[in-house]
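A short write-up of the structure that comes next.
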Amino acid sequence: MASRLPEFRAALPLLPLLALALALMPVPSQRVLAASVAAAARPGCPRIEYKWDNIDGNLRGGAQHIRGLEFWSCDARGVETIRVRADEATGPDTDFASGEWRLTRNVVVTIPDGELKGDAAVVLLKNRAIASATVSGQPANFAQHPGAAAAASGISNARGEAGEFRYDVGSGDVSMSGNAFIAYQDTEFHCSLIIYNLNSQKYRGIAARDKGEICRGQSRAGGATPTEPRSEPRAAEAKPAAGSGGVP
């Protein structure tokens, strides 16, 4: 032991350098580790995944008819961006790489913290990802109900109805047209066209002035978003009863 003591003393001046080298070594951050875990959990994104009950098609090409279709896509982070379900669907092929799919009956489009529901939809695919979904109905319905994390950042519940909703996956915009209506916090807003962003919750109304239409809104006491969208005739559209003295 005594013979090794000079060697130990000679190494003492190197200890501070060793400690400095260890301190400067890169350590993966939690965000990097989380990203790597997500990538490992969802390899190959962006891509489209799908399932169905049964299908009538042809491997040589042509339209494919599917019953009980459900398909969804994820982005480069491995996060699911949109999910679509319908009883009936017709599309160009089962590759789901690009093209247009037409869906009917019990259409549900799940979007971040919400959904669109209607009677029919047109879903556009680009580069093995769902680019947009246009949902129509009499009326079609929209709901946004954020989870705890989104609510903590200030995102509130919102609901609406319209003849048609178009959701753009890239921008997060929901365009509502055809007697469009949205309720957000203590505000109700009606317009022929409403463009609403899921992330910022900003909206813009565009009136069809050439048709004599205007945008209108109202503020409700209590600040509670209604549990169901309103579908009764708007006050501005109601006609006076016969003999009431109103101007027809």
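Sorting Val108, Val135 on the 10 Å Cβ count, fewest up front, what's the list?
Details: Val108 16, Val135 28.
Taking fewest neighbouring Cβ atoms as first place, the list is Val108, Val135.
Give the order of Trp72, Trp101 when sorted by the count of other beta carbons within 10 angstrom, beginning with the fewest. Before the final figure, lay out the partial values.
Values: Trp72 17, Trp101 22.
Fewest-to-most ranking of Trp72, Trp101: Trp72, Trp101.
What is the projected area of the convex hull of the Cα atoms of the stretch 32-230, averaged over all directions, in nm²? Walk me through the intermediate numbers first.
Working: hull surface 53.0 nm².
Mean shadow area of the hull around the Cα atoms is 13.3 nm².
What does the extension gain come out to for Gln138 and Ala151, with contour length at 0.36 nm per residue minus their alpha carbon separation?
Length gained, Gln138 through Ala151: 1.7 nm.
What are the extents of the Cα atoms of the stretch 57-146 along their three principal axes, in Å, largest first?
Ordered largest first, the stretch 57-146 gives principal extents of 43, 35, 17 Å.
Output wanted: per-residue J couplings in Hz (rounded whole) for the stretch 184-196, from phi through Karplus 6.51 cos²θ - 1.76 cosθ + 1.60, θ = phi - 60°, x for Gly and Pro.
9, 6, 9, 10, 10, 9, 10, 6, 5, 9, 10, 10, 10
Taking 0.36 nm per intervening residue step and subtracting the Cα-Cα distance, what contour gain separates Tyr50 from Thr187 on full extension? Each step should come with its number before you reach the end.
Details: separation 137, 0.36 × 137 = 49.32 nm, distance 3.82 nm.
Gain in length upon complete extension: 45.5 nm.
Let me check against my output: what whole-number percent is the relative contact order of the stretch 32-230, with C-alpha pairs under 8 Å and at least 6 apart?
On the way: 519 pairs, mean separation 23.2, N = 199.
This gives 12 percent for the stretch 32-230.
Provide Cys45, Cys191 in ascending order of the number of other Cβ atoms located within 10 Å of each residue's Cβ, fewest first. Could you put the intermediate results ahead of the total?
Numbers: Cys45 21, Cys191 24.
Arranged by neighbour count, lowest to highest, Cys45, Cys191 become Cys45, Cys191.
What does the highest-first list of 50-56, 110-116, 176-182 look like by mean Cβ count within 10 Å?
Numbers: 50-56: 11.4, 110-116: 19.6, 176-182: 21.9.
In decreasing order of mean packing, 50-56, 110-116, 176-182 become 176-182, 110-116, 50-56.
So, R0 is 51 Å and r is the distance between the beta-carbons of Ala207 and Arg60; what FRET efficiency does that work out to, to 0.05?
Numbers: r = 50 Å, r/R0 = 0.98.
Rounded to the nearest 0.05, the efficiency is 0.55.
Need the full-extension length gain, Arg128 to Glu80, defined as separation in residues times 0.36 nm minus the C-alpha distance. One decimal, nm. Let's see the in-between values first.
Working: separation 48, 0.36 × 48 = 17.28 nm, distance 1.32 nm.
Residue separation times 0.36 nm, minus the Cα-Cα distance, leaves 16.0 nm.
FYI, it's all coordinate maths here, none of it is from the lab. Remember, it's a predicted structure, so these values are computed and weren't measured experimentally. Don't worry about glycine lacking a Cβ; one is built from the backbone with ideal geometry, like all the others, and counts go over all protein chains shown.
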